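These notes concern the structure reproduced below.
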Amino acid sequence: MIFTEYIESWFKEFLEDHLQYDPKYISWLFNEMGYSLANVEQGEDEYLYLLELKGQEIWDKLFSSNPYHKITCDDLPDTLTFVTQLLTDTALEIFNKKKGFTDSFIEDIAYRCDGYDQLIGYFQDLMKGGCLSGVTNMFMYYDETKKFYIEHMDDLEGFVTDLEEELGEPIQQNKQNTLPRYMFVCHLCYEEFASKIARELFPDDF
């Protein structure tokens with residue numbers, strides 16, 4: 001499911017739940033998002049107006065790191081929580097089952113994305129420079145990376161094998177890339193895992 005469709009689906013369910021249990025919440029959220037009755041066309045109400053919002057606008061109002069004003073409410077997820085769930089659902093949709101490294105990758109990607117105004121920004125930076133560019137420090141240190149590789153070796157190497165089958169040829173480490181095998185594999189898997197998610201969420205951009 002693409003990024004905007006996911007947000008629209010989530011927001012619709014969120015609104016429906018609150019309309020049923022706390023109708024006043026709809027008016028509160030409508031106002032907190034910066035709308036007024038002047039925005040509402042004849043025959044509409046606040047609930048219907050919010051239902052028709054597009055995914056990008058919902059993101060900008062609720063989850064952007066630079067929103068018009070920050071909305072805080074106990075039952076409204078913060079950006080990190082929302083993005084973590086978005087990535088988890090998207091990864092499950094792509095890979096069908098969770099891999100041993102999935103949670104660690106998602107936790108790091110969500111944390112990095114939380115610092116961007118637009119979610120796509122982190123993926124663009126990662127696709128441009130890779131792990132070595134410093135957009136993530138998950139695999140900066142050899143000892144920590146080696147430990148992670150050993151812990152998830154079967155899943156990581158299995159992921160590489162799956163990539164090779166997709167490409168129809170083995171993935172060779174460039175001669176100029178002098179990283180140890182475990183570092184190379186961790187970087188490759190992180191980048192490709194994120195790339196697959198990015199292409200699913202933003203098919204027109206990747």
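The values are calculated or read from the model by the stated rules, or taken from the named source; none is laboratory data. Please read these numbers as outputs of a predicted model, since none were measured by experiment. Neighbour counts run over all protein chains shown; Cβ positions are idealised from the backbone, glycine included.
Worth pointing out:
- The residue list 157, 169, 151, 192 contains one member that is of a type in the set (D, E, K, R), touching a residue at least 12 places away in the same chain (Cβ under 8 Å) and more than 19 Å from residue 106 (Cβ to Cβ), which is 157.
- All helices (runs of 4 or more DSSP H) inside the stretch 1-98 with 2 or more residues being farther than 30 Å from residue 189 by Cβ: 3-21, 23-32, 46-51, 55-62
- Any hit, the stretch 108-118, residues being among the small types (Gly, Ala, Ser) and assigned to a helix (DSSP H, G or I): yes
- Hits in the stretch 137-148 - residues which are surrounded by 11 or more Cβ atoms within 10 Å (Cβ to Cβ) and either touching an Asp or Glu at 6+ places or on another chain (Cβ under 8 Å) or without any contact (Cβ under 8 Å) to a residue 24 or more places away in the chain (or both): 137, 138, 140, 141, 144, 147
- Taken residue by residue, the stretch 133-142 has at least one member that is at positive phi, part of a loop (DSSP other than H, G, I, E, B) and at pLDDT below 95.
- Take the conditions (1) without any contact (Cβ under 8 Å) to a residue 40 or more places away in the chain; (2) more than 17 Å from the chain's Cα centre (by Cα); (3) closer than 25 Å to residue 183 by Cα; residue 52 misses just one of them, which is (3).
- The set of residues in the stretch 101-122 that are in contact (Cβ under 8 Å) with a residue 60 or more places away in the chain, under 25 Å from residue 61 (Cβ atoms) and in contact with a Phe, Trp or Tyr (Cβ under 6 Å, 6 or more places away or on another chain) contains only 120.
- Among residues of the stretch 195-206 that are without any contact (Cβ under 8 Å) to a residue 60 or more places away in the chain, those with a Cβ under 8 angstrom from a residue that is surrounded by fewer than 16 Cβ atoms within 10 Å (Cβ to Cβ) and assigned to a loop (DSSP other than H, G, I, E, B), sequence gap 6+ or separate chain, pair up as 199/206.
- Residue count for the stretch 149-162 satisfying the condition of being of a type outside the set (Val, Ile, Thr) and surrounded by fewer than 16 Cβ atoms within 10 Å (Cβ to Cβ): 7.
- Taking the criterion of being farther than 20 Å from residue 2 by Cβ and either in contact with a Ser or Thr (Cβ under 8 Å, 6 or more places away or on another chain) or not assigned by TED's automatic domain parsing to the domain that holds residue 153 (or both), the residues of the stretch 104-124 that qualify are 107, 108, 112, 114, 115.
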